[in-house]
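This report refers to the structure that appears directly beneath it.
The values are calculated or read from the model by the stated rules, or taken from the named source; none is laboratory data. Please read these numbers as outputs of a predicted model, since none were measured by experiment. Methodologically, a virtual Cβ is constructed for each residue, glycine included, from the backbone with ideal geometry; neighbour enumeration extends over all protein chains shown. These accessible areas exclude ligands, DNA and RNA; they are computed on the full protein's heavy atoms, side chains included. Shrake-Rupley method; radii C 1.70, N 1.55, O 1.52, S 1.80 Å.
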Amino acid sequence: MTGPFATAIIVVALLLCGWAVVLVIANRAPDKALLGASAVLEAMLVVFLIGGIVQMAGSDQEFARAEFVGYLLACAAVIPVAAWWVRDEKSRAAAGVLAVVFLVLPVLVIRVQQVWAGPVA
Amino acid sequence: MPDTSPSDDSSVAPRSTGRGFGRVLVTVYGIFALAATARSAVQIATKFAEAPVAYLLSAVAAVIYIVATVALARGDRTSRKVATVAITIELVGVLAVGLLSLLIPADFPSASVWSGFGSGYGFIPLILPFVGLWWLRRTR
């Protein structure tokens, strides 16, 4: 659950966070390009969720499995929920919400990795 | 993951507190509602006997965050009052638990979002209630 794919998710999320912050500063709502990029990141997170569950099923390791799945589900859920929450917001606040979510995602991915690596609490 | 956002039909459409900067504030509150709920659920399910008081406080924090999130998102007159009460309790809670976790650390083994004034969460739990109360005032 570590490896280049998780790192790629973190890098993309941080890049999109920077992009969203630029839009906030420029006083602009998210544009189509950012929304498209968000959809790509969401697709990566769905793959991360499925891949994580498949790896978990094939592992004999001792770790907190419920927490692991919980963090994976949170990773996949935050972008859709945020998109729903700002669906009517036409101001830069919508970009602000996305910036927050893109900043939280790397934390969630790192927690997924920590739970995978760690012993049962 | 539970969806902590309110059900949204036209009669309870977000007004002042859920608009503009409020969108961002509600997002941060929602993230803490999710984090605190999940954390306290795991604590109570797996190791409640280790520190029951601290874990119950964790659950209280989770409920407060959920109430504040929903109330700020709705933003009608009643919700503003609910949000004010919830965020005031949040402020007292983070200060009290923060202080107690420093004075009697044995009872607070890094147990809640409010331990050490929220140091495990970048001290955002300490800043958040001030921002919340400011925003309620600002949008009055």
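Just the number please: accessible area per residue for chain A, 1.4 Å probe, all protein chains included, in Å².
Details: 5910 Å² over 121 residues.
Ligands and nucleic acids excluded, the figure is 49 Å² per residue.
As a test of the definition: with a 1.4 Å probe, what buried accessible area, both sides summed, do you compute for B against A, in Å² to the nearest 100?
Protein heavy atoms only, the B-A interface buries about 1400 Å².
Which whole number gives the average count of other chain Cβ atoms within 10 Å of the Cβ atoms across peptide A:89-97?
Mean shielding by partner chains, rounded to a whole number: 5.
Leaving ligands, DNA and RNA out of it, work out the accessible area of B:LYS81 with a 1.4 Å probe and give it in Å² to the nearest 10.
The value for B:LYS81 is about 140 Å².
With every protein chain in place, what's the accessible area of A:ILE110 (1.4 Å probe, Å², nearest 10)?
My reading of the accessible area for A:ILE110 is about 80 Å².
Describe numerically, in nm with one decimal, the distance between label points set 7 Å from Cα along Cα→Cβ at B:PHE48 and at A:ALA117.
3.3 nm
Among residues other than A:CYS75 whose Cβ falls under 11 Å from its Cβ, what is the net charge (Lys/Arg +1, Asp/Glu -1)? Display every interim value, and only then the final one.
Working: positive: A:ARG111; negative: A:GLU42.
The answer is 0.
Can you compute 3J(HN,Hα) from phi for each residue in segment B:38-53, using the Karplus curve 6.51 cos²θ - 1.76 cosθ + 1.60 with θ = phi - 60°, rounded to whole Hz and x for Gly and Pro?
Whole-Hz 3J(HN,Hα) from phi for segment B:38-53: 5, 5, 5, 4, 5, 4, 5, 6, 10, 8, 4, 5, 5, 7, x, 5.
Measure off, as a whole percent, the carbon and sulfur share of the 1.4 Å-probe accessible area of the protein assembly as shown, all protein chains present.
70 percent
Taking a probe of 1.4 Å, how large is the accessible area per residue of chain B, in Å²?
Numbers: 6820 Å² over 140 residues.
On a per-residue basis, chain B sits at 49 Å².
What FRET efficiency comes out for the pair A:VAL40/B:ILE104, r = Cβ-Cβ distance, R0 = 35 Å, nearest 0.05?
0.10
Just to confirm the number: angle between the C-alpha axis of helix A:65-85 and the first principal axis of chain A, 0 to 90 degrees, nearest 10?
Helix A:65-85 sits at roughly 10 degrees to that axis.
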